[in-house]
1. Considering the stretch 162-198 alone, what residues qualify as being open to solvent by 60 Å² or more (accessible area, probe 1.4 Å), within 16 Å of the ligand (Cβ to nearest atom) and either over 21 Å from Ala10 (Cα atoms) or of a type in the set (D, E, K, R) (or both)?
2. Can you tell me which residue among Leu46, Leu70, Leu30 is in contact with a Ser or Thr (Cβ under 8 Å, 6 or more places away or on another chain), in contact (Cβ under 8 Å) with a residue 24 or more places away in the chain and not aromatic (Phe, Trp, Tyr)?
3. Can you run down the residue pairs with Cβ atoms below 7 Å, 6 or more apart or on separate chains, where the first is in the stretch 189-201 and within 9 Å of Gln89 (Cβ to Cβ) and the partner is open to solvent by 20 Å² or more (accessible area, probe 1.4 Å) and among the small types (Gly, Ala, Ser)?
4. Kindly indicate whether Glu202 is closer than 21 Å to Arg216 by Cβ, more than 16 Å from the chain's Cα centre (by Cα) and modelled with pLDDT of 95 or more.
5. Using the structure shown, decide if Pro8 is in contact with a helix residue (DSSP H, G or I) (Cβ under 9 Å, 6 or more places away or on another chain), within 13 Å of the ligand (Cβ to nearest atom) and farther than 24 Å from Gly174 by Cα.
6. Evaluate the following for Glu127: is it of a type in the set (D, E, K, R) and farther than 19 Å from Arg88 by Cβ?
7. Is it fair to say Arg15 is farther than 30 Å from Arg182 by Cβ, within 17 Å of the chain's Cα centre (by Cα), open to solvent by 60 Å² or more (accessible area, probe 1.4 Å) and at pLDDT 95 or above?
8. Hey, any hits in the stretch 138-159 for a residue that's surrounded by 15 or more Cβ atoms within 10 Å (Cβ to Cβ), under 23 Å from Glu202 (Cα atoms) and modelled with pLDDT of 95 or more?
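The values are calculated or read from the model by the stated rules, or taken from the named source; none is laboratory data. All values reported here derive from a predicted model rather than from experimental measurement. All Cβ positions, even for glycine, are placed from backbone atoms using ideal geometry, and neighbour counts span all protein chains on display. Quick note on the areas: whole protein, heavy atoms, side chains included, nothing else; ligands and nucleic acids left out. Shrake-Rupley method; radii C 1.70, N 1.55, O 1.52, S 1.80 Å.
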Amino acid sequence: MQVFVILPAAGLGTRMAPVSAGGQPPKQFLELGGQPILILSVRAFLTVPSISHIFVAARASEMSRVQEQLQKHGLTSRISLVEGGDTRQESVHNALEQIPANEDDIVLVHDAVRPLIEPALIERTIEAVQKHQAAIVALPAIDTIKQVERTADGAIITSTIPRERIVMAQTPQGFRYSLLRRAMDSAVAAGFVGTDEASLAERLGVEVAVVPGSPRNFKITQPGDLALAEFYLKG
Ligand code: C5P
């Protein structure tokens, strides 16, 4: 059994706009502790011995920049670059098309902008996929969660969702290759676009297990997140 990894890194990082507006590159290329965020994510997965190969999905216009960064950091084996798409799902789909996997192999998908993933958490996700066929890392909800209806002024609450029934999805999200392939093909055929891979499996009625996540595995999204990531990195 082999384990493949897809790192979608083709986002525009528009929520970083106040920073990007100053001419900075998308967030996956910003530096953390002297290394690009994407490189830190790649390194985390390369430290896990059972991982055979990593597929990085990058925007067509950024492929050469990613290639240069990988070479500069000596990361040339067990890595391939694929062209990303207009949505995260499309980027993952493009990578999935390239993976030479057998039905029982495992595919992990991890947001390139979660560079502080701990190798032990990656290993726990792989173990959970071996046991349950599909598993994602997630954190319990700490805040009280409200369902709302959007209004011109903002939003009006329609209900409160019991907090104990909520988890907040992180990545890695892992699946047997055959299951992810089936879920992706079905979503594409139906025109369904999800913001994660678990939602594609859920719509087929597949049970997806939850592996307890970690606060440091957060997604670098807004300008202040870089300072928080530096803090975790130093800690
Ligand atoms: O936009 P979001 O925060 O969901 O992005 C999560 C990950 O998906 C990021 O690493 C981003 O680079 C990637 N992505 C992608 N292709 C897109 C949009 C996002 O690979 N078209």
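1. Within the stretch 162-198, Met168 is the sole residue that qualifies.
2. Among Leu46, Leu70, Leu30, only Leu70 is in contact with a Ser or Thr (Cβ under 8 Å, 6 or more places away or on another chain), in contact (Cβ under 8 Å) with a residue 24 or more places away in the chain and not aromatic (Phe, Trp, Tyr).
3. Matching pairs, first to second residue: Asp196/Ala169.
4. no
5. No.
6. Criteria met by Glu127.
7. No; evaluated as a whole, the condition is false for this residue.
8. For the stretch 138-159, residues surrounded by 15 or more Cβ atoms within 10 Å (Cβ to Cβ), under 23 Å from Glu202 (Cα atoms) and modelled with pLDDT of 95 or more: present.
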